[in-house]
Amino acid sequence: MTLTPRFNPRTALAFLHDLSAAALAWMIAYWLRFNLAIPHEYFASALQTLIWVVPLQALAFWRFGLYRGIWRFASLPDLRRILMALGVAALLVPLVLLLFRPQAVVPRSVLLLDPLLLVLFMGGSRLAYRAWKEHRFANLLQGEREPLLVMGAGNAAASLVRELAHSKEWRVVGLLDNAANKQGRDIHGVPVLGTLDSLSHHAQRLEIKHAVIAMPSAPHTVRRHAAQLCNAAGVTALTVPAFEDLVSGKVTVSNLRKIELDDLLGRDPVQLDAAGLHGLLTGKVVMVSGAGGSIGSELARQIARYQPSLLILFELSEFALYQIEQEFTARFPDATILCAIGDVKNRAVLDQLMQQHRPAVVFHAAAYKHVPLMEQQNAWQAVRNNILGTWTLAHAAQAHGVAKFVLISTDKAVNPTNVMGTTKRSAEMVCQSLQQATGTGFVAVRFGNVLGSSGSVIPKFQEQIAQGGPITVTHPDITRYFMSIPEACQLVLQAGLMGSGGEIFVLDMGEPVKIVDLARDMIRLSGYTEQDIKIVYSGLRPGEKLFEELLADDEHTLPTPHPKLRIAQARSVDAAWLDEALDWLNCDGAVGEAEVKQKLREWVPEYTPK
C-alpha cells in the first residue's frame, strides 16, 4: 500500500518547487530545440501545452511518493523515485497530447529534452540542498579544518569519509590501503594515495599531524602495525570505535578517539555460541561471586545481555557492590538483579541465598589475586579465601542443585612459585575432587593478565606517567600474557557453556608481551618519549616469575570446537587430601607463612617457592 505523504508547509514548498521546475524545463526544452531563439508561433504552443504537461507531471510526482523523503537526506532512493515518476510522465505526455490534439505543435526533441532537464533540476536541487544543510559548501571554504589521513579504505573508512565531510574540525585529504585494486581510486571524492607504509611520505608532504586507523574488523596485528607507522611518522594516531560497538549502534564511525593500549594489544574478535549461551543463561538465575571486581563485574555485564531471570551479584566489599549496583541501574534498567553482601567462606549466608533463589549457574570470581601481597604476611588469608572460600561456595552449589559451577583460575596456577598461584591450583583441585558423575558440573578456566584489572601493572604505569615518571619495571626480560577484560569474560562464558564437568579450560592468550615494551607503548601513547619518562628496573618481587606458563610440565591439552579454548589434561587428584585440607583450613587462629608454604608444598608438589 502506498502511503500518502502528509501535506505540510515543507511539502507544499517542495511541491511548488517541482511544479516550477516542470514549467521551466518545458520552456527551456523549446529554447534549446530552436537554438536559444524560440519562434513566436512555437512560443505560443509551448505556453498552450503547459496546461496539459505540468498537471500530468505533478500527478506522477505525487503518486510516486516524491514528497515522502526529506531533502536533507536525499539519496539514491529519492533519485530512483524521480526517474520512475519522470519515466511514466514521459510516456503520458505524448499520449495525452495525441489523444486530445490541442491546437499546438510539439517537436519530438522537446519530448526527449524535457524529462532530461527535469532530472537535472529536481535531482540537482535536492542534492544541493543536502550539501548546504551538511555544510559541505561552507567546508570547502574553511581552510582552518585539520587535514587528516585515513588508514584503511574499506566500509568503515568509507563511512568515516562520508560523515567527516560535514565536520567542522576535520578534513580528510587521503586514504591509505594495502589492497592493490584500490590504489589510485577515489572514495566519496577522496583519493587512495598509497599503501599503509607510505604514511610517513604523505604525512610530510601534506603536513599531516593526525591519522585515523579505520580498520575495526582487521586483525590486531594489522592495527598494531598501523599504530607503529603513525609513531614512526610522528603523527598522532586516532581510531574509530570497535567493530562490535559499531554493529550494536552504540556509536558512529565518526566518534574518533586516541589509540589506547587495548588497540595495540588487541586481539581478533571472539566468536561466541550465542544460541548456546542463551540456553545456558536466558531466563535462568545466575550468580556471580566477586561481582564488584574487574572480572566479576564484566562477567555480570555480559551475562545481563542474555537476560537471566535474576542476576545475583555477590560481593564482600560494600563500596564495590554499591558501584556495580549504580552502574546496572543506569546501563541495564531492565535487568533484574540482587545485590548480596557476603563472604564466600560463610556457608550460612550462601545456603540462605541459594535455597531462596536456586541459581542454575555460578561464576566464582571472588579471590585474592595480588601476588606480592599474598606472599608473606597475608599467606594465611590467601589460602583461606582462595581454597576454603572455593570449597564453601562449590559445596553449597552442589548441595542446592546448581547445574554448573565455573571457577576463574589463573596461569599462575601452573608450576606455581608463589602462594597466590598455588592457592588457585588448589582451588582447581577442590573442583576436581567435588566432581561426580551426576549433579553439578565443575569447570575451571585459566587465563593470564587482563588489561586494566585492579592490581594489574597498567593502572600502576598510568599513575607513574601522570606523576612524571619514572616507570618501574621489575626486570628487562619479564614477560606476561595479556588480553582485554571483555575478551577474557567472553571466553569464560563460552568455556562455561562447553564444559560438562571436571575440565580445566585454557584460553589462547596469544603471544607473551615484554613488560618493558608495554611501558614504552604507554609512554608513547601518553605523548611522551623515553627521555621524558624514564624506565628503571626494580628487581623481581617476592614470588614473581620471569615467564608465566599456561600448562604444567605433566599436562597436555586437547582441542575444543572453539579456536581460542583448549582443555588441560591435568594430573588426577586424590580426593582424600581435601578432608585433611579442610580440617587444617578451619583451625582456630592464624597460621604463619612458613607453615602455610609447607602445607601448600604437600598438596601441590609442583609448587617451588622463590
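The values are calculated or read from the model by the stated rules, or taken from the named source; none is laboratory data. What you are looking at is a predicted structure, and each value in this text was computed from that prediction instead of being measured. Using ideal geometry, Cβ is built from the backbone for each residue, glycine included, and neighbour counts are taken over all protein chains shown. Remember, those area values only see protein heavy atoms, side chains included, never the ligands or the DNA or RNA. Shrake-Rupley method; radii C 1.70, N 1.55, O 1.52, S 1.80 Å.
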Candidate set: the range 517-536, residues that are out of contact with any helix residue (DSSP H, G or I) (no Cβ under 8 Å at 6 or more places or on another chain) and surrounded by fewer than 14 Cβ atoms within 10 Å (Cβ to Cβ); chosen: the one nearest to Gly234 (Cα to Cα): Gly527
Qualifying residue in the range 241-261 (condition: at pLDDT 70 or above and either assigned to a helix (DSSP H, G or I) or open to solvent by 50 Å² or more (accessible area, probe 1.4 Å) (or both)): no
Enumeration of residues in the range 473-495 that are open to solvent by less than 40 Å² (accessible area, probe 1.4 Å) and hydroxyl-bearing (Ser, Thr, Tyr): Thr474, Thr479, Ser484
Flag if Met429 is more than 25 Å from Leu310 (Cβ to Cβ), open to solvent by 10 Å² or more (accessible area, probe 1.4 Å) and aliphatic (A, V, I, L, M): no
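So that you can scan it fast, the table gives a plain yes or no per residue for (1) touching a residue at least 24 places away in the same chain (Cβ under 8 Å); (2) among the acidic types (Asp, Glu); (3) under 22 Å from Arg446 (Cα atoms):
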position	(1), (2), (3)
Pro470	yes, no, no
Met483	yes, no, yes
Glu487	yes, yes, yes
Gly496	yes, no, yes
Asp517	no, yes, no
Tyr537	yes, no, no
Matching residues in the range 399-413 - criterion: being surrounded by 23 or more Cβ atoms within 10 Å (Cβ to Cβ) and either closer than 19 Å to Met498 by Cα or not charged (D, E, K, R) (or both): Val402, Phe405, Val406, Leu407, Ile408, Ser409, Thr410, Ala413
The range 138-162, subset more than 16 Å from His210 (Cα to Cα) and surrounded by 19 or more Cβ atoms within 10 Å (Cβ to Cβ), residue modelled with the highest pLDDT: Ala153
Restricting the range 276-309 to residues that are hydrophobic (A, V, I, L, M, F, W, C) and not in a helix (DSSP H, G or I), the residue that is most open to solvent (accessible area, probe 1.4 Å): Val285
The one condition in (1) modelled with pLDDT of 75 or more; (2) part of a helix (DSSP H, G or I); (3) surrounded by 16 or more Cβ atoms within 10 Å (Cβ to Cβ) that Val106 fails to fulfil: (2)
Pairs with Cβ under 7 Å, 6+ apart, first in the range 597-609 and in contact (Cβ under 8 Å) with a residue 60 or more places away in the chain, second among the basic types (Lys, Arg): Val604/Arg425; Tyr607/Arg601; Pro609/Lys597
First in the range 183-196 and touching a residue at least 12 places away in the same chain (Cβ under 8 Å), second anywhere and among the acidic types (Asp, Glu), Cβ under 6 Å, 6 or more apart: Val192/Asp177
First in the range 29-57 and closer than 22 Å to Val88 by Cβ and in contact (Cβ under 8 Å) with a residue 40 or more places away in the chain, second anywhere and assigned to a helix (DSSP H, G or I) and among the acidic types (Asp, Glu), Cβ under 7 Å, 6 or more apart: Ala29/Asp114
From Glu511, Glu530, residue being at pLDDT below 75 and not in a strand (DSSP E or B): Glu511
Condition broken by Arg571, with the remaining ones in (1) buried (at least 17 other Cβ atoms within 10 Å of the Cβ); (2) among the charged types (D, E, K, R); (3) at pLDDT below 85 satisfied: (1)
Among residues of the range 310-359, those that are open to solvent by less than 60 Å² (accessible area, probe 1.4 Å) and either small (Gly, Ala, Ser) or on the phi > 0 side of the Ramachandran plot (or both), counted: 5
